[in-house]
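What follows is calculated from the coordinates using simple rules that are stated; it is not laboratory data. Everything numeric in this text was worked out from a predicted model, so none of it was measured. As a convention, Cβ positions derive from the backbone with ideal geometry for all residues, glycine included, and neighbour counts pool all protein chains shown.
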Amino acid sequence: MYIGRFAPSPSGPLHFGSLIAALGSYFQARSQNGRWLVRIEDIDPPREVEGAAELILKTLQAYQLHWDGEVLYQSQRLNAYQTQIDHWLASGQAYLCECTRKQIKAAGGFYQGTCRDKQLNASDSCAVRLTMDYPVSSFIDEKHGQLDIPEQLAQEDFIIKRRDGLFAYNLAVVLDDIYQGVTEVVRGADLIEPTGRQISLYKTLGVEPVTYLHLPLAIDDNGNKLSKQNHATAIDLDNPKPTLLNAMRFLGFDVETEIATKEIADIIQWGVENWRLSQLPKQLKIKPPFSNDAL
Ligand code: GLU
């Protein structure tokens, strides 16, 4: 059975860019009679905004995007992440690293495995890195076909737990997608690069990777991703229809007046029935054809 998910970080309210990821993953799952899960990725407290998680869920409901089962919060899964790391530290699949960002930058920008054989003892100022035994320098995307990842990035022993004690996004995403039985990941094209590392984690764990579909990224006038960090406008909760229609057009739907005048729930249902990967734009970045104020 198809199981998809939407996995927002609660660093602010939903904006047009994250609505695209929510809608795309919803349509892709529901058009295959699949399940659609919501996971709140709250493992980075310094970047969290109070109340954002509740607001995101409320917004999904206002847009009639109803998820299956309980929402999973990554903050409830910290023990599972630590257990996996302890296991890898014991087996030698992971190791402690004391290098600073500055040192790595000075050595050319990519981590060269400096601490691999140092056998450092657990200390507060160490990160944990995965010994890279399964570098992935390309993968097949359901829309884009083969996507390449820079070789040096693919080869790097990347961080799975940061010096400050926070778990890395790549580790948490993969462990949770496995835990929740997710079969396909649908998300924005800004996450193409980390996909290589995520597939490496599946291989290290001996688990069959999910399939991937990356959606066009909504960018602003300056070519920057619309993001919570860039203070993208929060989408309208009280009058969702204009934004919903804009988002569906962005995803390649030809929404005629007859559809546009329907209730939100009916528009979403029409979207499920008419979702086609072939109509999804091929570009990885698109500037929506309306100003940010219109969102
Ligand atoms: N939490 C990530 C974000 O909001 C998305 C993770 C994912 O879809 O894999 O950017």
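Residue order for S137, S25, S227, fewest other beta carbons within 10 angstrom first, comes to S137, S227, S25. Taking a sphere under 14 Å around the Cβ of I219 and counting the other residues whose Cβ falls inside, with K and R at +1 and D and E at -1, yields a net charge of 0. The gain in end-to-end length when the K241 to S31 segment is fully stretched comes to 73.5 nm, 0.36 nm per residue minus the alpha carbon separation. Here the convex hull built on the C-alpha positions of the chain has a volume of 135 cubic angstrom per residue. Once you keep just the Cα pairs under 8 angstrom separated by 6 or more residues, what percentage relative contact order results for the chain? Computed over the chain, the figure is 23 percent.
Put in line by how crowded their Cβ is, counting other Cβ atoms within 10 Å and starting with the fewest, M132, M1, M248 read M1, M132, M248.
For the range 72-127, the equivalent ellipsoid derived from the alpha-carbon gyration tensor has semi-axes of 25, 15, 10 Å in decreasing order.
Between D254 and Q64, the simple label model (points 7 Å from Cα in the Cβ direction) yields a spacing of 2.2 nm. To the nearest ten degrees, helix 52-62 and the longest principal axis of the Cα atoms of the chain are 30 degrees apart. All C-alpha to C-alpha distances of the range 49-175, sorted into 5 Å bins beginning at zero, yield P(r) values of 2, 9, 15, 17, 15, 13, 13, 10, 5, 2, 0 percent in whole numbers. Each DSSP beta bridge with both residues in the chain is either parallel or antiparallel, and the antiparallel ones are about 50%. Start at zero, step by 10 Å, and the Cα-Cα distances of the range 194-250 spread as 17, 31, 26, 22, 4 percent across the bins. Largest first, the extents of the alpha carbon coordinates of the range 13-59 on the three principal axes equal 37, 20, 16 Å. For the pair D148 and S125, label points projected 7 Å from Cα toward Cβ lie 4.0 nm apart.
Annotation: the residues K102, K241, sorted from fewest to most other C-beta atoms within 10 Å of their own C-beta, follow the order K102, K241. Annotation: lysines with alpha-carbon distance below 19 angstrom to K203 (same-chain offsets under eight excluded): K161.
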